1. Tell me the relative contact order for segment 171-408 as a rounded percent, counting alpha carbon contacts under 8 Å between residues six or more apart.
2. For segment 255-348, what are the per-bin percents of Cα-Cα distances with bins 5 Å wide, up to the bin holding the maximum?
3. Please arrange LEU291, LEU341 by counting, for each residue, the other beta carbons lying within 10 Å of its beta carbon, fewest first.
4. Per q in 0.08, 0.18 1/Å, what log10 I(q)/I(0) does a Debye calculation on the alpha-carbon atoms of segment 268-413 return?
5. If I take all pairs of Cα atoms in segment 171-408, what percentage of them are more than 28 Å from each other?
6. With a 10 Å radius around each residue's Cβ, average the other Cβ atoms per peptide and rank 344-350, 79-85, 400-406, highest first.
7. Would you list VAL198, VAL40 from fewest to most Cβ contacts within 10 Å?
8. Could you order peptides 108-120, 138-150, 351-363 by the average number of other Cβ atoms within 10 Å of their residues, highest first?
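Where a number appears in this text, it was derived from the coordinates with a stated rule and is not lab data. For clarity, every value in this text was computed on a predicted model and none was experimentally measured. Every residue, glycine among them, receives a Cβ derived from its backbone with ideal geometry; neighbour counts consider all protein chains shown.
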Amino acid sequence: MRQKKLYRTIETAASKKFSSEKELLEEIVAQIVNDDQSKVTGGRIWKLNGQKKAYTLLFQTGKTEKLEKDFILKFDENEILKKIAEERTILADETNRELIDKGIIKYSASGVGPISYIDGEKYYKYLLALNSDYIDDDLYYTLNIVATVLTSKLREDYLSATRSHLQADLGKAQELQKSILPEHELDYYGFTMFGITVPAEILGGDFFDYLPISDEERLGIAVGDAASKGVAAAAEAMYISGAIRMASTFQIKISTMMKRLNQLVNKIFSDDRFISLFYGEVSNDSKGLFLYANAGHNPPMFLKRKTDEVACLTATGPLLGPAPHSSYKTDSVNFDYGDILVIYSDGITEAADDEFDFYEEERLKEIIIKNKNETPKTIALNILEDVQKFSTLDSKYQDDKTIVVIQRKFKDE
């Protein structure tokens, strides 16, 4: 959730109108440095200079000692710059003597914007570098998310000047997307489930699927949310949905499948694309075992019907895409008879009214408990109705909405 909230925060800031790319980048870096929770003490933006075969300093802020305005990082003197186009984000010991003399001991940078080729090597248009006393995985993922949002924003600004909407083609794409969604309602080995997706635009980046595993004694349930909305998000969602369907035909561990999907997203899609994914499996296990992995998705809510206790199935790994070498763990819960699991996308909890107040998790939790005696279909539709009433249909703050509700049936049903 931390990553998703960070993405939303940066995306909101980047959605403002800026007079130039430089102004946009400066605004975002300044916000990160001034955020007390970020643990970032300083930041710099470097711009590619092909003629000099170097990066030139574009902007700097924070508590670290300032560099000269015309400071450059030459390719041949900073070999690590070549690795950024491959890894996207790197954390390493600083090797540049002038930077070390300024007190910059650790090197942390991420590529932003389009990639150019110089002497056969790939280089990002911009580099975003942050200083922190905590050079760790949290900073690594922070840089990845920020770079992803900024790259997306720069690409959107470019495409907005040239794109034209082909409504007929979008209509066909909408029908295709609908055709790959499963039947809404399904019974499987003592479980009943119901899912529904409502896109915010003609096409959406949310998807869900029911996936019979090759041994026919397990059923996979996948709920995904591709970054942003519209055509690009829908294309990514359809591609990953197909990849998961193919993976389900093999005997493969959940953690291994998630790792491979992450590598696939990172390799196939552009740097501004990523996806959150929750994947779980029910079976004919007598104890109601449910195995799952959560790649940066909103934590599903698991209701113990006897006690009204609600547990959140938090992330077991990062979002799919930004970091190609990420690993994913598998966790589990046990369904007693009548227990309910609600899997949802952030279009539910982050639905906003005209005052930009969010629906949020607590309200969702209350409506789940209130409807615990209903069928999964009724629960899902009641949640959706409550969210739509809250946000109003004409609200400017709409996102794709997906809900999948799973319940273990009572023995006599």
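1. Details: 525 pairs, mean separation 53.8, N = 238.
The normalised contact order for segment 171-408 reaches 23 percent.
2. 3, 14, 22, 20, 18, 11, 7, 4, 2, 0
3. Details: LEU291 19, LEU341 26.
Going from least to most buried by this count: LEU291, LEU341.
4. -0.25, -1.09
5. Details: 7379 of 28203 pairs.
Percentage above 28 Å: 26.
6. On the way: 344-350: 24.1, 79-85: 15.4, 400-406: 26.3.
Going by the mean number of other Cβ atoms within 10 Å, highest first, we get 400-406, 344-350, 79-85.
7. On the way: VAL198 18, VAL40 23.
Least crowded to most crowded, the residues run VAL198, VAL40.
8. On the way: 108-120: 17.9, 138-150: 23.6, 351-363: 14.5.
Ranked by mean Cβ neighbours within 10 Å, highest first: 138-150, 108-120, 351-363.
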